[in-house]
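Participant: Structure in structure tokens, see below.
Read-outs: derived from the displayed coordinates by stated rules, not from any lab. Everything quoted here is computed from the prediction, not taken from an experiment. Using ideal geometry, Cβ is built from the backbone for each residue, glycine included, and neighbour counts are taken over all protein chains shown.
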Amino acid sequence: MDCLFCKIIAGSIPSKTIYEDETVKVFLDISPNTNGHCLIIPKKHIVTVEEVDEELAKHILKVEKKIYQILKDKLNIEGLTIVQNNDLGQEVKHYHIHLIPRYSDDNWKMIFHQESLLNIEEIHHKIMN
């Protein structure tokens with residue numbers, strides 16, 4: 001398989017692992033948005049959230065909480081932004097979750113172009129009909 005994250009799991013590509021168990025691996029992002037930015041990846045190759053079963057979702061949430069506490073204790077983070085992309089925006093086609101530590105002086109923002117957005121009424125109508 002030519003998946004970057006599968007190669008990291010297999011150990012053929014090094015990573016700065018901060019947590020690992022039989023189901024997931026958590027390692028520091030090589031292009032971090034803030035100090036401590038890390039990724040949670042399942043060891044099983046899946047691509048999008050559509051393939052995540054309830055058991056894996058519960059386990060990932062448990063690991064998110066554990067890593068959040070570690071980041072608070074070790075890096076004194078003030079908050080945490082959790083991001084997960086599917087298809088468009090997903091650079092590596094292996095399901096993963098970004099844990100982005102937040103600091104009051106980090107100046108990090110998720111920026112979207114407002115002019116490309118529909119108004120809330122149009123969105124609601126499309127979703128509900």
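Participant: Restricting attention to segment 58-78, does a residue exist that is in a loop (DSSP other than H, G, I, E, B) and within 30 Å of A10 (Cα to Cα)?
Facilitator: Looking for residues that are in a loop (DSSP other than H, G, I, E, B) and within 30 Å of A10 (Cα to Cα), one finds none in segment 58-78, hence no.
Participant: Report yes if some residue within segment 54-62 is surrounded by fewer than 16 Cβ atoms within 10 Å (Cβ to Cβ), of a type in the set (V, I, T), in contact with a strand residue (DSSP E or B) (Cβ under 9 Å, 6 or more places away or on another chain) and within 27 Å of L4 (Cα to Cα); otherwise report no.
Facilitator: For segment 54-62, residues surrounded by fewer than 16 Cβ atoms within 10 Å (Cβ to Cβ), of a type in the set (V, I, T), in contact with a strand residue (DSSP E or B) (Cβ under 9 Å, 6 or more places away or on another chain) and within 27 Å of L4 (Cα to Cα): absent.
Participant: Moving to a separate point now. Being surrounded by 15 or more Cβ atoms within 10 Å (Cβ to Cβ) and assigned to a loop (DSSP other than H, G, I, E, B) is the filter here; which residues of segment 33-42 pass it?
Facilitator: Listed by number, the residues that qualify are N33, T34, G36, H37.
Participant: Considering only residues of segment 47-57 that are over 16 Å from the mean Cα position of the chain (by Cα) and in a helix (DSSP H, G or I), which is farthest from N86 (Cα to Cα)?
Facilitator: Result: E55.
Rundown of residues vs (1) closer than 26 Å to I111 by Cβ; (2) of a type in the set (D, E, K, R); (3) surrounded by 14 or more Cβ atoms within 10 Å (Cβ to Cβ), yes/no style:
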| site | (1), (2), (3) |
| --- | --- |
| S31 | yes, no, no |
| Q69 | no, no, no |
| I77 | yes, no, yes |
| N86 | yes, no, no |
